[in-house]
Amino acid sequence: MEKLELIAKGAEADIWRDIDWNGKDVLIKRRVRKLYRHEDLDNQLRSYRTIHEALIMHRAKRAGVPTPVVYQVIPEEAVIVMEHINGEKIRDVINFVENEKRKEIFRIIGVQTGRLHKAGIIHGDLTTSNMIKEKTLIFFIDFGLAELSSEDEKRGVDLHLMRRMLISTHYMLEEELFKAFEDGYRSILGGDAEAVFKKMKEIEKRGRYVEREDTMDGDA
């Protein structure tokens, strides 16, 4: 591991960069051991989740969503070796591009989210931190929380996460950017999109209700 650069350390996995893995610039994602779990169970879970994530990335790519190329999966070590996308996170660029370009970026994000959902993929962490712009493409990354489902509830949670992220990090642009996102999403899912947006609004209302209950309990 001497030649590797640790670029991210998370609760579930560490991400290392190797600029010369068989002549390629790669990221190596290694799921970390959880000491509170029995060792055999922990090994099984990390192995399963590693395989599952790699398969979902492949499925997303087949659905037309740019994702890093997976070069190697080592289940027994809970490792995925994947292409390093040498671009900028959407989170970091969105405030520095002109208005029409911003809206086009979010229309494309909506299109790609629609493709994921149409293929039965729930991303699970749909934020601009997990999207990288490289030249004309927008790559979706970090499928560690992804799952396979076509339920409107789970699709709605994905969209709710996107909207909450926009409100918290790009609040002055939220309305126009989410409208562009909606347009792109509808262009893929058509009439099925309306049920997802309806579910998203229900989820938002449930969140506000819980927050209001917490506030009332705090005042008591």
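The values are calculated or read from the model by the stated rules, or taken from the named source; none is laboratory data. Note that the structure is a prediction, hence the values are computed from the model and not measured. Here the Cβ is made from the backbone with ideal geometry for all residues, glycine too, and neighbour counts use every protein chain on show.
Please work out which residue is farthest from S129 (Cα to Cα), limiting yourself to the range 180-191 and to residues that are touching a residue at least 24 places away in the same chain (Cβ under 8 Å) and surrounded by fewer than 17 Cβ atoms within 10 Å (Cβ to Cβ). I'd like the intermediate steps shown before the answer.
Let us first name the residues in the range 180-191 that are touching a residue at least 24 places away in the same chain (Cβ under 8 Å), namely 180-189.
Those left that are additionally surrounded by fewer than 17 Cβ atoms within 10 Å (Cβ to Cβ): 183, 187.
Working: D183: 21, S187: 24 Å.
That would be S187.
Give K89, K24, K29 a once-over and let me know the one that is of a type in the set (K, R), closer than 22 Å to E134 by Cα, surrounded by 15 or more Cβ atoms within 10 Å (Cβ to Cβ) and out of contact with any helix residue (DSSP H, G or I) (no Cβ under 7 Å at 6 or more places or on another chain).
On the way: K89 fails: out of contact with any helix residue (DSSP H, G or I) (no Cβ under 7 Å at 6 or more places or on another chain); K24 fails: surrounded by 15 or more Cβ atoms within 10 Å (Cβ to Cβ).
That would be K29, the only listed residue that is of a type in the set (K, R), closer than 22 Å to E134 by Cα, surrounded by 15 or more Cβ atoms within 10 Å (Cβ to Cβ) and out of contact with any helix residue (DSSP H, G or I) (no Cβ under 7 Å at 6 or more places or on another chain).
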For L148, the lone unmet condition from (1) exposed (fewer than 14 other Cβ atoms within 10 Å of the Cβ); (2) touching a strand residue (DSSP E or B) at 6+ places or on another chain (Cβ under 9 Å); (3) farther than 21 Å from I203 by Cβ; (4) of a type outside the set (V, I, T) is (3)
Condition check for G156: under 30 Å from L27 (Cα atoms), out of contact with any Cys (no Cβ under 7 Å at 6 or more places or on another chain) and modelled with pLDDT of 95 or more
no
Flagged pairs (Cβ under 7 angstrom, 6 or more apart or on separate chains; first in the range 11-23, under 15 Å from T50 (Cα atoms); second among the aliphatic types (A, V, I, L, M) and surrounded by 16 or more Cβ atoms within 10 Å (Cβ to Cβ)) are I15/L27
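Quick one: is L126 part of a loop (DSSP other than H, G, I, E, B) and crowded, with 20+ Cβ neighbours inside 10 Å? Before you say what the answer is, go through the steps one by one.
Working: part of a loop (DSSP other than H, G, I, E, B): yes; crowded, with 20+ Cβ neighbours inside 10 Å: yes.
Answer is yes for this residue.
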Within the range 147-168, does at least one residue satisfy the condition of being in a loop (DSSP other than H, G, I, E, B) and either closer than 27 Å to I85 by Cβ or of a type in the set (A, V, I, L, M) (or both)?
yes
From the list F140, F106, exactly one residue is buried (at least 22 other Cβ atoms within 10 Å of the Cβ), assigned by TED's automatic domain parsing to the domain that holds V196 and within 14 Å of L177 (Cα to Cα). Which is it?
F106
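Tell me which residues, restricted to the range 162-172, are of a type outside the set (G, A, S) and surrounded by fewer than 18 Cβ atoms within 10 Å (Cβ to Cβ). Before the answer, list the steps.
Let us first name the residues in the range 162-172 that are of a type outside the set (G, A, S), namely 162-167, 169-172.
Within the range 162-172, R164, I167, T169, Y171, M172 meet the criteria.
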Testing L177 on (1) surrounded by fewer than 20 Cβ atoms within 10 Å (Cβ to Cβ); (2) over 15 Å from the mean Cα position of the chain (by Cα), one condition comes back false. Which one is that?
(1)
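Please tell me if Q72 is part of a strand (DSSP E or B), of a type in the set (S, T, N, Q) and either at negative phi or loosely packed, with under 15 Cβ neighbours inside 10 Å (or both). Give the steps one after another, and end with the answer.
Working: part of a strand (DSSP E or B): yes; of a type in the set (S, T, N, Q): yes; either at negative phi or loosely packed, with under 15 Cβ neighbours inside 10 Å (or both): yes.
Yes; evaluated as a whole, the condition is true for this residue.
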Residue pairs, Cβ under 9 Å, 6 or more apart or interchain, first in the range 37-62 and among the polar types (S, T, N, Q), second in a helix (DSSP H, G or I). List them.
N43/E76; S47/P75; S47/E76; S47/E77; T50/P75; T50/E77
Which residue is nearest to K118 (Cα to Cα), if the candidates are limited to the range 43-88 and must be hydroxyl-bearing (S, T, Y) and within 18 Å of the chain's Cα centre (by Cα)?
T67
Within the range 111-169, track down each residue that is touching a Gly at 6+ places or on another chain (Cβ under 8 Å) and among the basic types (K, R).
R115, K133, K135
